[in-house]
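Inspection log for the structure reproduced underneath, given as C-alpha cells.
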Amino acid sequence: MSYTPHVPYVPTPDKVVKKMLEIAKVGPEDVVYDLGCGDGRIVITAVKDFNAKKAVGIDINDERIQEATKNVKENGVEGKVFIRKGNFFEENISEATVVTMFLLTNVNEMLRPKLETELKPGTRVVSHEFEMRGWTPKEVVKVEDGNMNHIVYLYVIGENK
C-alpha cells in the first residue's frame, strides 16, 4: 500500500537545523537522510558544517526538488548531497545513520514501521516539532529562534522502546 503524505512546506529555521544535527552528533562517518527535504537546507548543512560523508534529501514536490538541487549547486556540495524526487514511504533508507524530519505526528506514526524495519540499531532519528508516539526520546531539546520556541526530539533505533 502506497501512501502519499500531505505535509505543508514550512522551512526549518537555521538555528533548529543546526541543533537537530548537533544532538544527532552528525560527523564524518554519517549518512544523513532528510525525509521531505524542502529546499535542502538540512542535507546541505549536514555536509558543509558537520562534515557528513553523504546526505540524501527526498521530496515529492517538483518545486522543492528544483530549489534544493539549485541550493546544492550554489553551496558546492554536489557529489556528497543528493536530492531525490520520490515518496519517502517508497524509498530505501537503510543506508542512513541519521534520519531527519519535520512532518506531522500522524505521518510520523505511519512512518514508524518503515523506520523500525529498515534502519540499523544505533541509527539516530531526529524529528522537529512532532514526536514519534510509542517511542521514548533519548533527548528532547527546546530551541528558541527569536520568533518562537521549537522542540527537537532525538530517538535512537534499538533504544527507543
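In the set (1) modelled with pLDDT under 95; (2) surrounded by fewer than 16 Cβ atoms within 10 Å (Cβ to Cβ); (3) over 21 Å from V17 (Cα atoms), the condition left unmet by S94 is number (1).
Going through (1) in contact with a helix residue (DSSP H, G or I) (Cβ under 8 Å, 6 or more places away or on another chain); (2) modelled with pLDDT of 95 or more; (3) crowded, with 17+ Cβ neighbours inside 10 Å one by one, K19 falls short only on (1).
Matching residues to (1) without any contact (Cβ under 8 Å) to a residue 40 or more places away in the chain; (2) over 19 Å from A46 (Cα atoms):
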{"residue": "R84", "(1), (2)": "yes, no"}
{"residue": "F89", "(1), (2)": "no, yes"}
{"residue": "N92", "(1), (2)": "yes, yes"}
{"residue": "E95", "(1), (2)": "no, no"}
{"residue": "V99", "(1), (2)": "no, no"}
{"residue": "K120", "(1), (2)": "yes, yes"}
{"residue": "T123", "(1), (2)": "yes, no"}
{"residue": "V126", "(1), (2)": "no, no"}
{"residue": "N149", "(1), (2)": "yes, yes"}
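From the list T117, T136, the one residue that fits, being part of a loop (DSSP other than H, G, I, E, B) and out of contact with any helix residue (DSSP H, G or I) (no Cβ under 6 Å at 6 or more places or on another chain), is T136. Scanning segment 78-91 for residues that are crowded, with 19+ Cβ neighbours inside 10 Å and either at pLDDT below 95 or farther than 15 Å from Y33 by Cα (or both) turns up just one, F88. Total residues in segment 128-143 satisfying the condition of being in contact (Cβ under 8 Å) with a residue 40 or more places away in the chain and over 14 Å from the mean Cα position of the chain (by Cα): the figure is 3.
Only strands (runs of 3 or more DSSP E) whose full extent lies in segment 1-92 are considered here, and none of them has at least 3 residues that are closer than 23 Å to M148 by Cβ and out of contact with any Leu (no Cβ under 7 Å at 6 or more places or on another chain).
The values are calculated or read from the model by the stated rules, or taken from the named source; none is laboratory data. Quick caveat, the model's predicted, so the values are computed rather than measured. All Cβ positions, even for glycine, are placed from backbone atoms using ideal geometry, and neighbour counts span all protein chains on display.
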